[in-house]
Structure formats: structure tokens, C-alpha cells
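Quick note: the coordinates plus some simple rules give every number you see, no bench work behind them. As the structure is a computational prediction, the values presented were derived from the model and not from experiment. Glycine gets a Cβ as well: all are built from the backbone with ideal geometry, and neighbour counts include every protein chain shown.
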Amino acid sequence: MGDSWASYGTDENKQYRFRDIKGKTLRFQVKAAHDAHLALTSGEEETDPMLEVFIGGWEGAASAIRFKKGDNSDDLTKVDTPDILSEEEYREFWVAFDHDVIRVGKGGEWEPFMSATIPEPFDITHYGYSTGWGAVGWWQFHSEVHFQTEDCLTYNFIPVYGDTFTFSVACSNDAHLALTSGPEETTPMYEVFIGGWENQHSAIRLSKEGRGSGEDMIKVDTPDVVCCEEERKFYVSFKDGHIRVGYQDSDPFMEWTDPEPWKITHIGYCTGWGATGKWKFEF
């Protein structure tokens, strides 16, 4: 991210500003002396129940995940995190809340510095962000930016921290994704083709010896699954090697399980075979 991305200010009043969330991971940057707070809710307000994430609370000394229901608030975990925030520079973080577990980590680190099982899972549709207790802040959110791809079949890579990601794409055909263990094509890697074969089929491919060497593990009919005039929304889940691909809020239209999975840390995205694309990732 950078200065060209929209920045949102928060004051000392610890009042959440709410936005909707489509995926299962939130990626953001924040600049604050202490007390960067997030709420995960089922509406555009504080809801019952809700989850709260405190980064650099307690005058910057600690961070915590809290579950709030009714009049009760319980810290699910609390860890020492001295100097985790800065009022001089943006620090990047991620929050993943898939598979009834919430995890919080730093940008560029795939192991969370705190995590907890959600006691009573609920449908998370919004997040709130705030500062307080004497701190003001500036925030930037990764989900706001569109990415363009040309007709070249060359992957562009971004990190992924959860086990599920949601995205939208507008293209005439051949929206390609790579699931890799680094910011490049890796061996092995998974490839997901949506709207291939002139927008008639989709497939999951396993490449064990580099690109072009793989075979389709599953191939399904998906006529007109993508469209160049409309952003279609999809999700990909890959927990424990079980890859699921579907339209947002629907059952998967293709899935396959790898008996020998590995740690996925990055996503590659591209278009080709005559198509250009406009992408937006919800993390």
C-alpha cells in the first residue's frame, strides 16, 4: 500500500466506524501510538455477540481478542506486544476469521501472534475500526483497490493469510489463479482456471514440476461463468488441501482434496487467451 491509497482518520473517542466485509480476512495498515481497535459484527453497528481485536492496548504494551455477548466481555487471549504500533509509520496487520477460529498477525508473517477459537460462531458481515484512550490513528484497507491484468498469462502475486479468500473479477474468459508457497510460481502449485476454454469450463490443476507440467484434478462445465461487463464474485478455500471454488454465498461448483497439501502463502492472478481483467480482492 502507499500514500496513493485512501486513508481514514480516527480520533480519541473510541467510536467504531463500520464497513462491510465480504471475505474471511481483513488486511489493513494503521498508524497510531497505541490502541488500534477492531470490531467484527453481524451488522453496521455494535452487535450481540461481537468480537473485538485490540492491538497495542494498555498504553501500547499488550494486544487481545475479546468476545462480547450481552453484558459479559471475556478476553479470549491477551499477549504482550510492546512497540507493536507506531505513530510515525504505518504498520500492516491481518485478521482471519475462517473455520470458527480468529487469528491476528503482522503483515509479512504467516504465523499469528494471537489466535482463539470463537466461542459462539456467528455470521460476520461488518467490521468497525477505531482508536481511543488518548490515541488518534490513520487507516488504509487493502480491499479497496482494483487490480488490472493484461492478456499475457503472467501471474501477479499477493500474500494470503487465511484459508479462504473472496474476490471479484470482470473478464471475458480465463480468470486464472495460482496458489503457491511464495511470491512466485512454485513447485508444486495449484492453479484454478475460471471460465477457461472460451468461458465454458473451469478446472483445478496440480503442477508438481512447474507450470505447464500439471494435470487437471477436476474440470467442470461452467458456461458464461465470467463476464467482461460485470464483476462476478467468487471464493476459494484451501484448508488442509481441500480446495473449494464457488460463487459468493453459494455451495462450491468445484472442489478437490490433495492428500499431500502444503502451506499456501501467496495468490497469483492473471488473464490470457484474449482476455484482460479487472480484479478486487476482499482481504
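Using the Karplus curve 6.51 cos²θ - 1.76 cosθ + 1.60 with θ = phi - 60°, work out ³J(HN,Hα) for each residue of segment 163-173 in order, rounded to whole Hz, and write x for Gly and Pro.
Coupling constants for segment 163-173: 9, 9, 9, 10, 8, 10, 8, 10, 7, 7, 5 Hz.
Please label the shape of segment 92-216 as rounded, prolate or oblate, based on the square roots a ≥ b ≥ c of the eigenvalues of the alpha-carbon gyration tensor (a/c under 1.5 means rounded; beyond that, a/b larger than b/c means prolate, else oblate). Don't skip to the answer; put the middle values down first.
On the way: a/c = 2.09, a/b = 1.85, b/c = 1.13.
Prolate shape, in that a/c is at least 1.5 and a/b is the bigger ratio.
Given the chain, report the % of alpha carbon pairs whose separation exceeds 31 Å.
On the way: 12088 of 39903 pairs.
Of all Cα-Cα distances in the chain, 30 percent exceed 31 Å.
Can you tell me the dipole magnitude for the chain around its Cα centre, using point charges on the Cβ only (Lys, Arg +1; Asp, Glu -1), in Debye to the nearest 20?
Charge dipole, the chain, about its Cα centre: 160 debye, nearest 20.
Any chance you could run the full-extension gain for residue 136 through residue 122? It's 0.36 nm times the residue separation minus the Cα-Cα distance, nm to one decimal. Could the numbers behind the result be given before it?
Values: separation 14, 0.36 × 14 = 5.04 nm, distance 3.01 nm.
Result for the pair: 2.0 nm of gain on full extension.
Within segment 15-107, list the GluC sites (Glu not before Pro) lying in a DSSP loop whose Cβ has at most 10 other Cβ atoms in a 10 Å radius. Don't skip to the end; give the middle numbers.
Details: sites: 44, 45, 46, 52, 59, 87, 88, 89, 92; in loops: 44, 45, 46, 87, 88, 89.
Filter output for segment 15-107: 88, 89.
Of the listed peptides 179-188, 128-137, 273-282, what is their order by residue-averaged count of other C-beta atoms within 10 Å, with the highest listed first? Don't jump to the answer; show the numbers that get you there.
Details: 179-188: 16.6, 128-137: 20.2, 273-282: 18.7.
Put in order of decreasing packing, that is 128-137, 273-282, 179-188.
Using a Förster distance of 41 Å, how high is the FRET efficiency between residue 218 and residue 148, based on the Cβ-Cβ distance and rounded to 0.05?
About 0.90, to the nearest 0.05.
Can you spot the aspartates and glutamates whose alpha carbon is less than 16 Å from residue 31's alpha carbon? Ignore those fewer than 8 places along the same chain.
Filter leaves 3, 11, 12, 59, 83, 87, 88, 89, 92.
Take every Cα-Cα distance within segment 9-143, group them into 5 Å bins from 0 onward, and report for each bin the whole-number percent of pairs it holds.
So the P(r) values, bin by bin, are 2, 11, 22, 27, 23, 12, 3, 0.
For residue 268, what is the net charge nearby, where nearby means another residue's Cβ is under 11 Å from its Cβ and Lys, Arg count +1, Asp, Glu -1?
Numbers: positive: 211; negative: 184, 185, 191.
Its environment carries a net charge of -2.
So what's the back-of-envelope 222 nm ellipticity for the chain, counting only DSSP H runs of four-plus at -39500 (n - 2.57) apiece and dividing by all residues, rounded to 500? Before the final figure, lay out the partial values.
Values: 2 runs with 8 residues, N = 283.
Calculated mean residue ellipticity at 222 nm is -500 deg cm²/dmol.
Calculate the length of the line joining the C-alpha centroid of segment 214-237 to that of segment 93-141, in whole Å.
29
For residue 263, give me every one of the lysines with a C-alpha distance below 21 angstrom, ignoring sequence neighbours fewer than eight places off in its own chain.
Straight-distance partners of residue 263: 24, 106, 208, 239.
Which value, in debye to the nearest 20, describes the size of the charge dipole of segment 1-149 about its Cα centre when Lys and Arg Cβ atoms bear +1, Asp and Glu Cβ atoms bear -1, and nothing else is charged?
Result for segment 1-149 is approximately 300 debye, rounded to the nearest 20.
Give me the aspartates and glutamates in straight-line cross-link reach of residue 22: C-alpha distance below 15 Å, same-chain residues under 8 apart excluded.
Correct list for residue 22: 44, 98, 123, 144, 163, 231, 249, 282.
Need one word for segment 146-282: rounded, prolate or oblate. Basis is the Cα gyration tensor (sqrt eigenvalues a ≥ b ≥ c); a/c below 1.5 gives rounded, then a/b vs b/c decides.
rounded
Residue 92: net charge of surrounding residues, Cβ under 11 Å, Lys/Arg +1, Asp/Glu -1, itself excluded?
+2
What's the FRET efficiency of residue 110 with residue 158 using the Cβ-Cβ distance as r and R₀ = 22 Å, to the nearest 0.05?
Details: r = 13 Å, r/R0 = 0.60.
In this case the efficiency is close to 0.95.
Give the peptides 30-36, 168-174, 73-79 in descending order of average Cβ contacts within 10 Å, highest first.
Descending mean neighbour count gives 30-36, 168-174, 73-79.
Determine the dipole magnitude for segment 146-282: charges of +1 sit on the beta-carbon of Lys and Arg, -1 on that of Asp and Glu, nothing else is charged, the reference point is the Cα centre, and the result goes in debye to the nearest 20. Can you show the working numbers first?
Working: 11 positive and 23 negative charges, 58 e Å.
Magnitude of the dipole: close to 280 debye.
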